[in-house]
Structure formats: structure tokens, C-alpha cells
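The values are calculated or read from the model by the stated rules, or taken from the named source; none is laboratory data. All of these numbers come straight from a predicted model, not from anything done at the bench. FYI the Cβ positions are ideal-geometry reconstructions off the backbone, even for glycines, and counts take in every protein chain you see.
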Amino acid sequence: MVIGNFKPTNRLLILMPLLALFAVTLYFILTTSSSVRYWADDFCSATTLRNYGYLKAQIFWWKSWTGRYSYIAALDFFELLGPWAVRIIPLVLLVLLTLSILPVLFFDVVLSFLFIILTLINAPNIIQSFYWQTGSLNYAIPFVFLNLFLSLVVLAKRRIPLFVPSILLFIAGGFSESYAMAQLVLVIFVLLMIITLNVPNKSQRIKVVIAGIIGAALSLFVMYLSPGNLARGTTVTPPESLAYVVSSTIYGTKWYLQRLLFIKPFLYSLVVGASVIFFFVSRNWKLFKKVTLSVRRMVLAMLLAVLAAVFATAAVIGSGYYSMAITPPERTMFIVIYIIFLCFFIFCFIVSVLVKRVLSTKSERWFRWLVTLFFLLASMLLIKSTLFHWQEIESQLKNYAKDWDVQEKVLINAKSQSSPVSIKNVKPVGELDGFTENKGWVTSCLSGYYQVENIKIEE
């Protein structure tokens, strides 16, 4: 349990809001997952898989469109299962992300689940990055492998075959270039933090992290070799110059991080996360008081955590300006939010230890009640905003599923029909491309997937 040395009544003040937040989030994920369907790119990739088969589809995408080897392998795996598989991906992701982060967060289920749902709550476009098959397999699932890598770093009490961390980050990096860049930056800062701090088994942990860095760097190199990058590059506007990329990245990073500080649910999440970590450290003080780090080293570690968040954000935003001369789409910023919360949790653990060291017993009692009050206020506001936000998501998903299922029956019944088949222009979810956007590209994907040669969209 994450609660400090409170009396049973006081513990309920912490436990009940957390359970309410968990219940709201889990309820909506469970009830909305059944409304997930193929959207946009999903139709094209499923058609390619059917036409080429699993192995040849990997080669096709590598040569003609993208070097994201892990993404294509995972995408085709789920599409082999059929369209029903997209309805379980959100739940699978939720479970895998929570279980994989457990060793990093001291095997505390409450703390681990809180970390994941705070990330999901603050995702800039959760439909694109969590519910959409293409988006979730590009930007969310690689964190499962990163979590496993960080678990190896945390649990490095004995020798670990160094190919394991390399493979984990090599797989993770192959889901997208933006993620691979951010991952490399983050792991470099992890290395700097281990070097700075006086941690047990320091040399073994350093070896594990260096092995991970090699795997992370190799993933970028392999994706760079893909011939499909040239074809994909013709569909976007290239940047004017390297100077443009650098300046835009700096201004874009500054703007995005400042913008986050004005988003109320994000601020509520920071207060809730920081409070729960303080309660966790308080309850497990016998463990944390053994930390022998000097204040100077702990402050340096906090600084490294902040810099890791900033530079990882810059890596994601910079990748957008480098490849497309624009900021990345909202689904890509899920990477930023996840890493920010990861760095924030590390920061809060260090701060909590420092606070426990300097406060007297009486002062700590008052401080704990102050934290409790802030926690209660922030958690209530966060539950309210989460409820309204996810109700809107639920409405979008269910309305689309209801309307699309009707149109899908028309297409299925008209299979191989030579005359034009008319379907309604169902509004896309999550601001994804609809049937008429992008020069009817989604419609052409529908035509291939349902084997209907002539589809007419009714405006």
C-alpha cells in the first residue's frame, strides 16, 4: 500500500480517491474498447497483409514505405487475428504497461497503475495513441519494452546477459523514429544518473545501460537504411535547413512544455502523483532512509531528471521538424507525456527522501496533512475532468461504431459488385482522416479491403 503512517481513518482519505480514479478510468477503458474499429491506415495495412502474406508484407513495407520493423511486425500480427483484435489492444496495452513498470516502481501495484493512468489521462489525443491500432503500435507499445529494460537496470543484482537489454531497446526503437530518438536520449540520461549516484552494483548497471544504448542506437540506424524512407519522404514537405530544424525544435519544445503548465488536468496529475509518492516513501521509510547520497548528489539527480524530460521532448519535436518540417501529430506526443511522468516520478522520489530527512517528527506531521489536503483537492478535480473527458471519448467511439457497422454491412453485401456502391460519410474519430480527406485515400483503402471496386461517399 502506498499510504504513509496514518491511522486507518486517515488512510481512507488517500485510498478512496485513488480507488475512485482507478474505477472511472478502468470503467471507460473496458466499456469503450468494444467500440474500437479499423480506422484510416488500418484498412490499407490489412489489405496489404492479405495480398502478400505475413513475411512478404514485412518486405513490402520495408522497401516501399517505412523502416519501422517492430511496428510492422506487431501490426501484421494483430491483423492476422482479424478486425476483432483491435477491440482488445487497449486492454492488452493497459495490462502490459502496468505489469512491465512494476519492478521499476518497487512492485507496488497501486503506484504502477497510477503512473499508467496518469499518462493516459494526459495523452494529447488518446484515441489516436491508445485506441487506434496504428497509433498505439507506433507510440504506446514500445514503452512496454522500455519498462522491461528499466526493470533490468533496477534489478541488476546479478550478471545479466548484455544482449538482453540491447534486444529490448532494439525492439522498442523499431516502432517509430520519434520514439527511438526520445528513447536514446532518455537512456543516456539514465547512464549519467547512475554514474553520478552511489548506487549498489554500479558497474553492472552501467554495463546494462550501455548495452541498451547500443541497441537503441542500432534501431535508428536500421530504420535509416530502409529504402521506403525515400518514398515516404516524397509525401511530406522537407525542412528548409538544419538551422530551421534546430531553431524550430528549441521554440517548439519551450512552447510545448510551457503549455503543459496551463493545462489543469496535467497540474492536478502532478499533485496527485507527487502526493502518493510522498506517502509511499513515508510508509517505506525504513528502506529509503538507507539512501546514503549527499544532498548535492540528490539535487544533481533531480536536475538530470528534469533535463531528461526536456531533451526527450526536444528529440520528439525535433524529429517532426526534421522529417516533416512541422510539429509531430498529437499521437506522437504520447511519447513526451510518458517520459515526462517517468522523469517526474523519479524527481518526486528524490524530493520525498530529502523532505523526510530535514523535517522533524512534528513538522512532518503537519506537512503530511498539508499534502493530504492538496491531494484530496487535486484528486477530486482530476476525477471530475477525467470523467467528462472520457465521456466525450466514449460518445465518439460508440457513435462511430454504431454508424460504421451499418455502412460496413453495405460494403460486405456489395462485395465484387461492379456498379457503384454508396455509403454515408461517417465522421472519423480522434480527428483521423475520413473517407473524403486526403484525396479519398481512406476510401481507396476501403475498396481494397472490402473488394468493392467503386465506392461512392455520400456527402
Next on the checklist: surrounded by fewer than 22 Cβ atoms within 10 Å (Cβ to Cβ) and under 27 Å from Ile210 (Cβ atoms): which single residue out of Phe149, Phe175, Phe163, Phe145 fits that description?
Outcome noted: Phe163
Checklist entry - Is there a residue in segment 89-109 that is assigned to a helix (DSSP H, G or I), within 17 Å of Tyr139 (Cβ to Cβ) and touching a residue at least 60 places away in the same chain (Cβ under 8 Å)? => result yes
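Just give me the residues in segment 383-418 being outside any helix (DSSP H, G or I) and crowded, with 18+ Cβ neighbours inside 10 Å, in sequence order. Can you show your working first?
In the first step, residues of segment 383-418 are kept if they are outside any helix (DSSP H, G or I); the result is 414-418.
Across segment 383-418, the qualifying residue is only Ala414.
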Checklist entry - Out of curiosity, is Val154 touching a residue at least 24 places away in the same chain (Cβ under 8 Å) and in contact with a Pro (Cβ under 6 Å, 6 or more places away or on another chain)? => result yes
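Taking Phe115 as the residue in question, decide whether it is in a helix (DSSP H, G or I), modelled with pLDDT of 95 or more and out of contact with any His (no Cβ under 8 Å at 6 or more places or on another chain).
Details: in a helix (DSSP H, G or I): yes; modelled with pLDDT of 95 or more: yes; out of contact with any His (no Cβ under 8 Å at 6 or more places or on another chain): yes.
Considered against the rule, which asks whether it is in a helix (DSSP H, G or I), modelled with pLDDT of 95 or more and out of contact with any His (no Cβ under 8 Å at 6 or more places or on another chain), Phe115 comes out as yes.
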Next on the checklist: For the list (1) of a type in the set (Gly, Ala, Ser); (2) within 30 Å of Met298 (Cα to Cα); (3) surrounded by 17 or more Cβ atoms within 10 Å (Cβ to Cβ), I need the number of the one condition that Gly434 fails.
Outcome noted: (2)
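Could you check how many residues of segment 346-364 are outside any helix (DSSP H, G or I) and hydrophobic (A, V, I, L, M, F, W, C)?
Total satisfying the criteria: 1.
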Checklist entry - Out of (1) assigned to a loop (DSSP other than H, G, I, E, B); (2) crowded, with 17+ Cβ neighbours inside 10 Å, the odd one out for Arg368 is which? => result (1)
Next on the checklist: I'm trying to understand the selection: among the residues of segment 287-345, which are under 24 Å from Asn125 (Cα atoms) and outside any helix (DSSP H, G or I)?
Outcome noted: Ala325, Ile326, Thr327, Pro328, Pro329
Checklist entry - Quick one: would you say Phe262 is at negative phi and touching an Asp or Glu at 6+ places or on another chain (Cβ under 8 Å)? => result no
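Taking the stated definitions as given, is Leu220 in a helix (DSSP H, G or I) and touching a residue at least 60 places away in the same chain (Cβ under 8 Å)? Can you show your working first?
Working: in a helix (DSSP H, G or I): yes; touching a residue at least 60 places away in the same chain (Cβ under 8 Å): no.
No.
Has segment 33-41 got at least one residue that is within 30 Å of Pro428 (Cβ to Cβ) and in a helix (DSSP H, G or I)?
In the first step, residues of segment 33-41 are kept if they are within 30 Å of Pro428 (Cβ to Cβ); the result is 33-41.
Then keep just the ones that are in a helix (DSSP H, G or I); that gives 33, 41.
The answer is yes; a qualifying residue exists.
So, of the residues in segment 231-253 that are among the β-branched types (Val, Ile, Thr) and loosely packed, with under 11 Cβ neighbours inside 10 Å, which turns out to be farthest from Phe60 (Cα to Cα)? Explain how you work it out, then say what you get.
Going residue by residue through segment 231-253, those that are among the β-branched types (Val, Ile, Thr) are 234-237, 245-246, 249-250, 253.
Those left that are additionally loosely packed, with under 11 Cβ neighbours inside 10 Å: 234-235, 237.
Values: Thr234: 17, Thr235: 18, Thr237: 24 Å.
Only one residue tops the list, namely Thr237.
Go through segment 262-278 and give me each residue that's assigned to a loop (DSSP other than H, G, I, E, B) and within 19 Å of the chain's Cα centre (by Cα). Explain how you work it out, then say what you get.
Keep residues of segment 262-278 that are assigned to a loop (DSSP other than H, G, I, E, B), which gives 262-263.
Scanning segment 262-278 gives a single hit, Ile263.
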Next on the checklist: Looking at segment 51-65 only, could you name the residues that are part of a helix (DSSP H, G or I) and surrounded by 14 or more Cβ atoms within 10 Å (Cβ to Cβ)?
Outcome noted: Tyr52, Ala57, Gln58, Phe60, Trp61, Trp62, Ser64
Item to check | Selection within segment 52-74 - in contact (Cβ under 8 Å) with a residue 40 or more places away in the chain and not aliphatic (A, V, I, L, M) | outcome: Trp61, Trp62, Lys63, Ser64, Trp65, Thr66, Gly67, Arg68, Tyr69, Ser70, Tyr71
Checklist entry - Of all residues in segment 326-362, how many are buried (at least 17 other Cβ atoms within 10 Å of the Cβ) and among the small types (Gly, Ala, Ser)? => result 1
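For (1) surrounded by 15 or more Cβ atoms within 10 Å (Cβ to Cβ); (2) modelled with pLDDT under 95; (3) not polar (S, T, N, Q), each residue gets a yes or a no:
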| residue | (1), (2), (3) |
| --- | --- |
| Leu267 | yes, no, yes |
| Arg283 | yes, yes, yes |
| Leu287 | no, yes, yes |
| Lys290 | no, yes, yes |
| Leu300 | yes, yes, yes |
| Leu303 | no, no, yes |
| Ala312 | yes, no, yes |
| Gly320 | yes, yes, yes |
| Ser323 | yes, yes, no |
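Could you say which residue among Pro83, Pro103, Pro124, Pro90 is of a type outside the set (S, T, N, Q) and touching an Asp or Glu at 6+ places or on another chain (Cβ under 6 Å)?
It is Pro124.
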